[in-house]
Amino acid sequence: MNRIQDRAIPGIELEGIGKKYGDRYAIRGISLSVAQGEFLSIVGPSGCGKTTILRLVAGFIRPDEGIVRIGADMDGVPPNRRRVGIVFQNYALFPNMTLAENVAFGMKAQKRPEADIRRRVSELLEMVGMSDRADALPRQLSGGQQQRIALARALAIEPRVLLLDEPLSALDAKVRNALRFEIKRIQRESGITMLYVTHDQEEALSISDRVGLMNRGRLEQVGTPLELYSAPSSLFAADFIGVNNILRGTWDGAGGFTWNGRVLRAGGNVPAGPATLTIRPEHLSPADAEDAGDNVLEGIVQGKIFLGPVTRVACSIGEETLLMDLLSTDGDRLGSGQALRVCFSVKEAHLLPDAAL
Ligand SMILES: Nc1ncnc2c1ncn2[C@@H]1O[C@H](COP(=O)(O)OP(=O)(O)O)[C@@H](O)[C@H]1O
Ligand SMILES: [Mg+2]
């Protein structure tokens with residue numbers, strides 16, 4: 001079953017999509033191509049238009065502008081002819097059917113031979129790790145187990161693409177983490193194109209080939225998880241993805257960034273004027289006399305939180321506070337009120353145009 005992802009063949013293509021509710025655009029100017037066999041997540045805050053994109057692809061609503069292609073132009077093609085599978089946040093299993101019947105439902109509607117259906121149901125239950133519960137009813141299952149069945153049911157009709165709208169958001173952290181791995185594995189094994197929507201940036205980064213970051217109805221940046229994390233193209237991206245220190249100051253256009261009454265060394269392709277410098281907590285470190293980075297700041301430890309392997313230290317620098325991640329073995333030695341010199345190098349700091357957040 002191991003099909004190889006083919007970047008050359010588009011699974012889903014959105015071209016210049018706009019959708020209005022009343023006279024307001026919910027989304028606008030959305031162009032995005034998901035390759036066949038690719039796992040692409042759309043992430044962004046609540047209300048930014050993620051579900052609207054899925055509903056357009058599924059065919060529940062029509063765009064006011066632009067083209068949706070799944071292989072071919074889908075304009076006028078009803079949802080049941082698009083060969084898309086959908087998994088929602090709230091499971092939506094048929095309560096009076098056994099799990100096997102739930103999974104078989106779409107194939108029965110397709111009037112597949114009985115023997116095929118039986119074979120496929122058992123394959124799918126096996127794939128989602130629910131073989132031993134074929135005759136159970138949905139209410140006898142936990143949320144996580146129900147979502148496994150919802151996945152199997154969506155895959156049963158052999159869709160060309162699978163759309164998932166916050167499928168793990170209703171589950172507790174432990175189950176959510178386990179199911180992330182499962183969904184990723186199932187996607188890899190089935191080779192299906194997945195368009196996955198979540199408001200949880202950590203989730204999006206952890207399971208996707210690429211991530212599309214949305215903000216207020218627009219696609220802000222599309223890239224691999226590493227690209228979004230290490231090279232955010234806007235202040236919104238820098239702030240939304242992961243944890244960041246955001247230093248608002250003034251860039252002189254020639255290597256000097258004035259912030260908080262200090263001049264820091266920086267570099268970047270940004271016009272002189274108000275700007276922001278973003279630095280990840282893991283790129284700040286205590287400045288030992290010898291190996292101080294390009295920028296050294298005199299600070300005071302305000303507090304710290306233990307995150308397992310790392311400890312996040314809040315350090316006040318004058319009026320401002322920066323977060324610094326240290327290995328917990330090192331962070332353990334720091335106490336509140338202690339003076340601490342903090343450093344970072346120019347290449348780890350990201351200069352971006354200033355913007356409202
Ligand atoms: N049926 C609708 N009628 C009017 N406005 C809607 C409708 N559905 C969504 N919206 C609006 O469109 C925007 C995007 O919504 P949605 O796609 O559900 O966002 P998300 O899934 O990212 O939370 C929001 O401002 C929302 O209020
Ligand atoms: Mg939504």
Enter the angle in degrees (range 0 to 90, nearest 10) between the Cα long axis of helix 99-109 and the first principal axis of the Cα atoms of the chain, meaning the one along which they spread out most.
70
How many Å³ per residue does the convex hull of the Cα positions in segment 207-299 occupy?
129
For segment 1-112, what is the relative contact order in percent, using Cα pairs closer than 8 Å and at least 6 residues apart in sequence?
24
Please state, to two decimals, what the Cα-based radius of gyration of segment 80-186 comes to when divided by 2.2 N^0.38 Å (N = residues).
1.00
Could you state the angle between the C-alpha long axis of helix 143-156 and the longest principal axis of the C-alpha atoms of the chain, as a value from 0 to 90 degrees rounded to the nearest 10?
60
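On alpha-carbon atoms, Rg over Rh for segment 83-142 using Kirkwood Rh?
Ratio value, two decimals: 0.95.
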Could you list which residues have their amide H under 5 Å from that of ASN215, counting only those 5 or more apart in sequence or on another chain, with H placed in the peptide plane?
GLU220
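For the chain, what does -39500 (n - 2.57) per DSSP helix run (n ≥ 4), summed and divided by total residues, give at 222 nm, in deg cm²/dmol to the nearest 500?
Numbers: 9 runs with 89 residues, N = 357.
Per the formula, -7500 deg cm²/dmol.
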When each of LYS50/LYS174; LYS20/LYS174; LYS111/LYS174; LYS304/LYS347 is checked by Cα-Cα distance, pairs over 30 Å:
LYS20/LYS174; LYS111/LYS174
Kirkwood radius from Cα pairs of segment 157-219 plugged into Stokes-Einstein at 4 °C, 1.567 mPa s, gives D in µm²/s equal to 103
For segment 310-357 and segment 92-124, what is the centre-to-centre distance using only Cα atoms, to the nearest Å?
54
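How big is the antiparallel share of DSSP beta bridges in segment 105-247, given as a percent to the nearest 5?
Values: 5 of 10 bridges.
If I count the DSSP bridges inside segment 105-247, around 50 percent turn out antiparallel.
Report, in cubic angstrom per residue, the convex hull volume of the C-alpha atoms of the chain. Please list the in-between numbers first.
Details: hull volume 62.6 nm³, N = 357.
Spelled out: Cα convex hull of the chain, divided by residues, is 175 Å³.
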Counting heavy atoms of the protein chains only and a 1.4 Å probe, report the per residue accessible area for segment 171-295 as a whole number of Å².
44
Excluding ligands, DNA and RNA, the carbon-plus-sulfur percentage of the accessible area of the chain with a 1.4 Å probe reads 50
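How high is the relative contact order of segment 243-353? Use alpha-carbon pairs under 8 Å, at least six apart in sequence, and give a whole percent. Don't skip to the answer; put the middle values down first.
Details: 259 pairs, mean separation 35.8, N = 111.
Taking the mean separation of contacting Cα pairs over the length of segment 243-353, I get 32 percent.
Over the chain, calculate the relative contact order: mean separation of alpha carbon pairs under 8 Å at least 6 apart, over the residue count, as a percent.
Values: 762 pairs, mean separation 56.8, N = 357.
That works out to 16 percent.
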In whole Hz, the Karplus estimates of ³J(HN,Hα) for segment 181-195 (6.51, -1.76, 1.60; θ = phi - 60°; x where Gly or Pro) are 4, 5, 5, 4, 5, 4, 5, 5, 5, 8, x, 7, 6, 10, 10
On average, how much accessible surface per residue is there in segment 1-115, in Å², for a 1.4 Å probe, leaving out ligands, DNA and RNA?
53
Rg from C-alpha atoms of segment 243-353, normalised by the globular rule of thumb 2.2 N^0.38 Å, equals 1.05
Out of all DSSP beta bridges with both ends in the chain, state the antiparallel percent to the nearest 5.
75
Helix 114-127 vs. the chain, principal-axis angle (Cα, 0 to 90°, nearest 10)
20
Among the aspartates and glutamates, which have Cα under 14 Å from the Cα of LYS184 when same-chain residues fewer than 8 positions away are ignored?
GLU38, GLU203, ASP209
Can you order the peptides 259-271, 119-131 by their average number of other Cβ atoms within 10 Å per residue, highest first?
119-131, 259-271
Alpha-carbon centroid distance for the pair segment 36-82 / segment 228-283, whole angstrom
35
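For segment 1-135, what is the convex hull volume of its Cα atoms per residue in Å³?
Numbers: hull volume 21.1 nm³, N = 135.
Once divided by residue count, the hull of segment 1-135 is 156 Å³.
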Overall Cα dimensions of segment 107-248, principal axis frame, Å, largest first
64, 29, 24
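The values are calculated or read from the model by the stated rules, or taken from the named source; none is laboratory data. Remember, it's a predicted structure, so these values are computed and weren't measured experimentally. A quick note on method: Cβ atoms are made from the backbone with ideal geometry, for glycine too, and the neighbour counts reach across all protein chains shown. Keep in mind that these areas ignore ligands, DNA and RNA; they rest on the heavy atoms of the full protein, side chains included. Shrake-Rupley method; radii C 1.70, N 1.55, O 1.52, S 1.80 Å.
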